[in-house]
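Okay, so here's the structure we're looking at.
The values are calculated or read from the model by the stated rules, or taken from the named source; none is laboratory data. Source: prediction; values computed, not measured. In this analysis, Cβ positions are derived from the backbone assuming ideal geometry, glycine residues included, and neighbour counts consider all displayed protein chains. What goes into the accessible areas is simple: the full protein's heavy atoms, side chains included, and nothing from ligands, DNA or RNA. Shrake-Rupley method; radii C 1.70, N 1.55, O 1.52, S 1.80 Å.
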Amino acid sequence: MLSNVTGLICRECGNTVDMIAQNQCDVCFGPMDVNYNYARIKKLVTKKRIRKGPANIWRYKEFLPAQTEKYVDLAPGFTPLQRAERLGEELGIKNLLIKNDTINPTFSCKDRMVCVAMTCAIEQNFEIVACASTGNLAQSLAAYAAKSGLKSYIFVPAGSNEIRLSSTNIYDPILLGVKGDPSQLNKLCSEIMLNSNWGFINVNLRPYYAEGAKTLAYEVAEQLDWKTPDHLVIPMGSGTTMTKIHKGFQEMVDAELLRHARVTFNGVQSTGCSPIVKAFNAKSELIQPEAPSTIAKSLAVGNPADGYYALKIIRGSDGLAVSVTDKDIRAGIKLLARLEGIFAEPAGGAVVAALGKMAALRHFKATDTVVAYITGAGLKTPDIIKDIVPKPRIIEPTVDSLDAAVAAINRAKHVPGAPDKE
Amino acid sequence: MIKRRVMISMLADVMKEPILYRLVRDFDIVPNVRKADVTLNEAWMKMELQAGSEDQINEAVEYLKSVGATVKPLGGDVVEG
């Protein structure tokens, strides 16, 4: 097929290069983005054509950088956008919707990004792919590498949680624990890239990897019957997801699929790692790096690559950036599970806690449609909740024992309308 | 030559320090500024530091931190959750 992609372009100075693995501009050191022929896309794309596409991210293939249709495909995306009436009532948000990305192939939104990056890695003849990650990215990379047959190296800090690593190791990557602090791991990865032809999925392949996150915007627009929501609430680690959702909405307008992209972007971080929120509160443009200390590992990015741009989008749309404590995050996880039947990882708990904070500040109008992104499943982090979830009551195998246990549970919970048995 | 791309940022009180001059004179660094913004309240520079050894660059970074500047690798953290 004729490509819709023209190459890479620097987000800062507009310098252009071919479709190569390069994440920084050689001229001004700005981030490189994929550049498209939007006039061509506009002619090609229609709502009808999108509807006829597969029920995954490739239904928006015209907006993605793959040059061929030989996708490394585990069919990520096209996840439900579900009305959250019970949670909305609890938090005081009338029109609350949840974009439930817990049900992707490896149970997080990273699948969207890795799927695109891995497809581009093969197109660019990489034989080895790699990343440094302790969680969602590692699992996703390992799975897509397994599907593609590429060799994958995954670097983790030595001493990382073994339970979490096992859900990466099952895909049989080469998993290496690296001694020292995270900055030394960063440095090692930079040195490997200089001296090898590896595709680091979130570094030199970052322009392609990041594009996958745009599908989080396309899907919400389509699932709202091609309408723009009023508010988005997005968890922030590197800030990339927010910048790409923003780009996605803008592209929908450019392709005349949406009338406007006037949406308020709200960002969420953990108090234990909140460089973007701190800059927002300080009314500063400078993101001061910090050493993360939070249970929300998927948000624990102390030096966020796209922090500056995420901040700009939040401010430009009159949004809020809020941080929540680990305690709030645990409570958020429980609330989402109890009221909506969705078991989220800590990033999801953070979003729920932040929704409560924003609602308390009367940030949402009664008529506003609020979309909250829940980006990863709780089964990935069972250690986080084991201490806050009650253990099962043990009963005798008799009806009397059951009745006594139920009565005790009802007394403890004050369940309205429950039979008052003793 | 060893090269490292960094972003250096600082608040108003640190801006009085002649950091580029000190990098060249005291640490034998070749600073190559590619983009910068200086306001009354804060300033940042995206630059490449070039030197003969890794240690020289490390010492220069320590100096920058000691005067109150923030130094971070360009491109953000490689490690993601």
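Couple of notes before you dig in:
- Reduction of at least 50 Å² in accessible surface, 1.4 Å probe, comparing all protein chains with the chain by itself, residues of the stretch B:61-77: B:Lys72, B:Asp77
- Members of A:Lys327/A:Lys386; A:Lys43/A:Lys312; A:Lys47/A:Lys147; A:Lys187/A:Lys312; A:Lys94/A:Lys283; A:Lys110/A:Lys244 lying beyond 21 Å, as alpha-carbon distances in this model show: A:Lys43/A:Lys312; A:Lys47/A:Lys147; A:Lys187/A:Lys312; A:Lys94/A:Lys283
- Extending 7 Å from Cα along the Cβ direction at A:Glu127 and again at B:Gln56 yields two label points whose distance is 3.7 nm.
- Across the stretch A:234-275, the residues whose backbone nitrogen lies under 16 Å from the label position 7 Å along the beta-carbon direction of A:Ser284 are A:273-275.
- Chain pair B, A: total accessible area buried, heavy atoms, 1.4 Å probe, Å²: 2700
- With pairing defined as another cysteine C-beta under 4.7 Å, the cysteines of chain A that fail it are A:Cys109, A:Cys115, A:Cys120, A:Cys131, A:Cys189, A:Cys273.
- Computed from point charges on the beta carbon alone (+1 for Lys and Arg, -1 for Asp and Glu), the dipole magnitude for chain A about its Cα centre is near 800 Debye.
- Accessible area, probe 1.4 Å, largest first, for residues A:Phe126, A:Phe200: A:Phe126, A:Phe200
- Distances between placed amide hydrogens fall under 5 Å for A:Ser270 paired with A:Val324, all partners being 5 or more residues away or on another chain.
- Residue ranges A:127-136, A:39-48, B:45-54, A:110-119 sort as A:110-119, A:127-136, B:45-54, A:39-48 when ordered by packing (mean number of other C-beta atoms within 10 Å per residue, highest first).
- Solvent-accessible area per residue for the protein assembly as shown (1.4 angstrom probe, square angstrom): 45
- Rounded if a/c under 1.5, otherwise prolate or oblate - the protein assembly as shown, Cα gyration tensor axes: prolate
- Amide H contacts under 5 Å for A:Gly319: A:Phe265, restricted to partners 5 or more places along the chain or on a different chain, H placed in the peptide plane at 1.01 Å from N.
- Net charge dipole, chain B: roughly 300 debye, given to the nearest 20, about the Cα centre with Cβ charges of +1 for Lys and Arg and -1 for Asp and Glu.
- Minimum 30 Å² accessible area buried by the other protein chains, the stretch A:174-201 residues, probe 1.4 Å, relative to alone: A:Asn186, A:Lys187
- Sequence-distant aspartates and glutamates (8 or more away, or on other chains) whose Cα lies within less than 20 Å of A:Lys365: A:Glu85, A:Glu89, A:Glu90, A:Asp230, A:Asp318
- Relative contact order, whole percent, for the stretch A:156-304 stands at 17, derived from Cα pairs under 8 Å and 6 or more residues apart.
- A:Ala360-A:Asp387 FRET efficiency (beta carbon distance; Förster radius 25 Å; 0.05 resolution): 0.40
- Cα centroid separation, the stretch A:156-197 to the stretch A:342-362: 30 Å.
- Integer Hz, Karplus 6.51/-1.76/1.60 couplings in order for the stretch A:38-47, x for Gly and Pro: 5, 5, 5, 4, 4, 5, 7, 8, 9, 4
- Placing R0 at 30 angstrom, the Cβ-Cβ distance between A:Leu188 and A:Ala146 gives a FRET efficiency of 0.80 after rounding to 0.05.
- 5 angstrom amide H check on A:Val5, placed H, neighbours 5+ away: A:Asn37
- Only protein atoms count toward the accessible area here, which uses a 1.4 Å probe; on the protein assembly as shown, the carbon and sulfur part of that area reaches 53 percent.
- Only helices enter the 222 nm calculation for the protein assembly as shown: every DSSP H run of n ≥ 4 contributes -39,500 (n - 2.57), and dividing by all residues gives -11000 deg cm²/dmol, rounded to 500.
- Ordered by solvent-accessible area of protein heavy atoms (1.4 Å probe), largest first, the residues A:Arg338, B:Arg5 come out as A:Arg338, B:Arg5.
- Solvent-accessible area of A:Leu150 with every protein chain in place, 1.4 Å probe, in Å² to the nearest 10: 30
- In this structure A:His246 has an accessible area near 70 Å², from a 1.4 Å probe over the protein heavy atoms.
- Accessible area of A:Asp33 (1.4 Å probe, protein heavy atoms only, ligands and nucleic acids ignored): about 20 Å².
- Pairs of Lys in chain B closer than 16 Å at Cα, counting only those 8 or more apart or on different chains: 7
- Residues along the stretch A:296-322 losing 50 Å² or more of accessible surface when the other protein chains are present rather than the chain by itself (probe 1.4 Å): A:Asn303
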